[in-house]
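The values are calculated or read from the model by the stated rules, or taken from the named source; none is laboratory data. Please read all numbers here as calculations on a predicted model, not as lab measurements. So basically every Cβ, Gly included, is an ideal-geometry build from the backbone, and we count neighbours across all protein chains shown.
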Amino acid sequence: MTITSLTITPPDTEVYAAALAHCDTLAMPTGALHGLVELGCWIAAAQGQVPPAPLDNIRTVVFAGDHGVAADGVSVYPTAITVGMVHGILAGKAGISVIARQYGIHVRLLDIGVDADLDVPAAVTAHKVRRGSGNIRVEDALTRAEAEQALAEGEAVAAEEIAAGAQLLIAGDLGIGNTTPSAALIAATYGVPAAEVTGIGTGLDEAGRLRKAAVIDEAIARCGDRLADPIERLACLGSADIAAATGYMIAAARAGVPVLVDGVIAGAEATMAESIAPGAKTWMRAGHRSPEPGLSYAIERLGLRPILDLGLRLGEGTGAASAVPLVRSGIALMREMATLADVS
C-alpha cells in the first residue's frame, strides 16, 4: 500500500471533548488557561486518554539537502555552508542541538539531498535520495520517481522514530536556498502570487526578496498544469529533503503520532502532507509563527494557531522545539492541577 492511498483518521473527538470537560473542572475561571489546556487536550485526543501521559520521548529529525535554485541568488550564503551546518549538528553545536538539550528532545540528522559526499556515519546518509535538487526556475527539482522515493524514505524514517517510542515528532530543516522551494510550494498549492508568501530567507534585502519571488513565479509558470497533482508539485518545485519530510509527516499522522510544525519549510511540508493525505493536518500544531510570510499564510490555511511568535527564523526545528515546554505544561495542568471540587 502506498503512502498516498491511506485515509488519515483524526485524533479522537470524543476524547478531546472529554479532555475539555475535565479542564472545565479545574480550579480556575473557565478558559483562564485556554491556550495551554487546549494543547493538553490535543495530546489527550492523540493518545486517546484523559489525562494524557507526559511527553517523555520527543524526537526531531533534521532533513538536510541542497537546492539548485540557490545559484540564482535567492540566498545571501553559498551552498557550501550546508556541509558545515551538517557537521555543526553532528557535533551538538547547532541551534537545534542546544535547544533540544534543554528539553530532553532527541535530535537525528539525515542527509537526504546534500550536494556532497559527506564524511559522516553511514546512518546519516542511509536515506539519501540524490545529491542536491534541480534549479526549479529552469528544471524540475526531482523526477517523479525521486519524489516518490523521497516520500517513502520519509515514511520509513517516521516508522523508525515511532518504533523508538516517539510520542511527538518535529521535522527540522537544513540547507541553503530551502525557503525558495518552500514558498513556491505554498504559492502553487494555494494559488497566490509568489510575492505574497516570499520572505527574506537568510537575510535578503527587499530587492533580493522581489528577485526571489520572480524566480518562484518563473518556476510555477514553467510547471503549468502539472502542479494540480501534489506529487508532481513536489517534483517540479520541491526538493528531496522537503519531499522526505512531507512523507515523514504523513506517516506520523497515519500512525497517530502528533507533529509540531516548525518554520516556513515545515509549513510547506505540512501543506504538501495535507494535499497528499487529507486529514494529516489534524495531527499537527504550529510550534511558532516566523517572520516568513509563507509560514503565516500556510498555517492560517491549515487552521493551525501558532504557539509562539518570537520572530524566530533559524529553522532546524528550533521554533517547534522551543514550544515543547508549553505543550508539556498543558499536559501537566490536566494531570496535576486541583479541581474546583478539591478546593471547595
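Could you go through region 265-283 and let me know if any residue there is of a type in the set (Val, Ile, Thr), out of contact with any Phe, Trp or Tyr (no Cβ under 6 Å at 6 or more places or on another chain), part of a helix (DSSP H, G or I) and buried (at least 24 other Cβ atoms within 10 Å of the Cβ). Yes, there is a match, as at least one residue in region 265-283 is of a type in the set (Val, Ile, Thr), out of contact with any Phe, Trp or Tyr (no Cβ under 6 Å at 6 or more places or on another chain), part of a helix (DSSP H, G or I) and buried (at least 24 other Cβ atoms within 10 Å of the Cβ). Cβ-Cβ distance below 6 Å, separation of 6 or more or different chains: which pairs start in region 220-235 with a residue that is at negative phi and surrounded by fewer than 19 Cβ atoms within 10 Å (Cβ to Cβ) and end on one that is among the acidic types (Asp, Glu) and assigned to a helix (DSSP H, G or I)? From residues that are at negative phi and surrounded by fewer than 19 Cβ atoms within 10 Å (Cβ to Cβ), the pairs are Arg226/Glu232. Residue count for region 48-76 satisfying the condition of being touching a Ser or Thr at 6+ places or on another chain (Cβ under 6 Å), assigned to a loop (DSSP other than H, G, I, E, B), of a type in the set (Val, Ile, Thr) and surrounded by 15 or more Cβ atoms within 10 Å (Cβ to Cβ): 1. Listed by first and then second residue, the pairs linking a residue in region 41-69 that is farther than 23 Å from Gly263 by Cα to a residue that is charged (D, E, K, R) and surrounded by fewer than 22 Cβ atoms within 10 Å (Cβ to Cβ), with Cβ atoms under 8 Å apart and 6 or more places separating them unless they lie on different chains, are Ala45/Asp12; Gly48/Asp12; Pro51/Arg335; Pro52/Arg335; Pro54/Arg328; Pro54/Arg335. Candidates Ala158, Ala166: the one that is modelled with pLDDT of 95 or more, hydrophobic (A, V, I, L, M, F, W, C), under 12 Å from Phe63 (Cβ atoms) and surrounded by 21 or more Cβ atoms within 10 Å (Cβ to Cβ) is Ala158. Only one of the listed residues (Val120, Val124, Val86, Val107) is free of Cβ contacts under 8 Å to residues at least 40 places away in the same chain and outside any loop (DSSP other than H, G, I, E, B). That residue is Val124. Among the residues of region 326-341, none qualifies, meaning not one is assigned by TED's automatic domain parsing to the domain that holds Ala171, modelled with pLDDT of 95 or more and not in a helix (DSSP H, G or I).
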